1. With Cα Rg over 2.2 N^0.38 Å as the read-out, I listed (i) 1.05; (ii) 0.98; (iii) 1.37; which label goes with the value calculated from this structure?
2. Net charge near residue 235, counting Lys/Arg +1 and Asp/Glu -1 over other residues with Cβ under 9 Å of its Cβ?
3. Give me the extension gain from residue 194 to residue 239: residue separation times 0.36 nm, minus the current Cα-Cα distance, reported in nm with one decimal.
4. In units of 2.2 N^0.38 Å, what is the alpha-carbon radius of gyration of the stretch 9-143?
5. Per residue, how much accessible surface does the stretch 81-215 expose to a 1.4 Å probe? Answer in Å², no decimals.
6. Under a cut-off of 19 Å between alpha-carbon atoms, report the aspartates and glutamates in cross-link reach of residue 185, not counting same-chain residues fewer than 8 places apart.
7. Sort out the exposed loop GluC sites (Glu not before Pro) in the chain (DSSP loop, at most 16 other Cβ within 10 Å) and tell me the longest stretch that has none.
8. Using alpha-carbon positions, what is the distance between the centroids of the stretch 204-227 and the stretch 114-169, in Å?
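The values are calculated or read from the model by the stated rules, or taken from the named source; none is laboratory data. Computed from a predicted model, the values in this text were never measured in an experiment. Cβ placement follows ideal geometry from the backbone for every residue including glycine, while neighbour counts extend to all protein chains displayed. Side chains are part of the model used for accessible areas, which takes the heavy atoms of the whole protein and leaves out ligands, DNA and RNA. Shrake-Rupley method; radii C 1.70, N 1.55, O 1.52, S 1.80 Å.
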Amino acid sequence: MAPIKWKRSSDVPFPSVWHRFSAKDPKSGETVQFRIQDLPEERYGEAIDMMVEHFLRDEPMCKSRNCVDDPRAIADFRQMWQKVVQDKLCLVCFREDSDEIVGMNFLKVTQKDWEEEPTDYGEACNDILKAMDFIAESGNLYDHYQVDKLISGYGLLVPPQFRGLKLGVELLKARVPLGRAVGLKVTSTVFSNRSSQSAATKAGFEDSFEISWDELQKKGPRMNFPVLGTPTVKLQSMRLD
């Protein structure tokens, strides 16, 4: 029997708040209160704009392909993220006294044996997504965790002015109550820089697969990502139940 595409149950209120925490601002010494919640639909466009501005500039694979200055890559990633938000799993972090976005985690469900709609992305976006697919498949997560679906990450972002508060760790931790509420037992992400790999470890993720950039290059003709500062790319995963 063909798999049924996952859909968030209407029994889970949207948007919901999933995590509250406090953090000390290293610049001011002030203790700040934050909340992490579902990304509201009316903020989708703004959130995608921020991903284009910051994620495409900073994420190592996107940076290696100069995606932020490539109109086709920008259009492709916009299209991809517009599909991602439809699962209503993306997380956003706010200060309790503000509606300014200080961090985000774009998330969607991936399913075993589910055929996604075909895409017509340009070289840069296609290269990156194919590399991520190879790394995700190498982790053999469906068999390892005995599940047929999981929450996958499609971009973790903390804008430069809000870094240093460990917001990335808290966004990753917030996947636990979110996953439990929507009935999903596992989450995973391909992390391509040292800081996000460290944040994932602190949030409770385990290493499922790791490969050096040099070894990745040997896996295909367009798997060459000249990344500096982070020796390997990792698939990191966590049980949510």
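1. It is the one labelled (ii).
2. After counting each charged neighbour, the total is -1.
3. Once the chain is fully extended between residue 194 and residue 239, it gains 14.0 nm.
4. Output field value: 1.20.
5. Roughly 45 Å² per residue, with all protein chains present.
6. 11, 38, 87, 113, 137, 143, 148, 170, 206, 207, 241
7. 117-241
8. Distance between centres, Cα-based: 13 Å.
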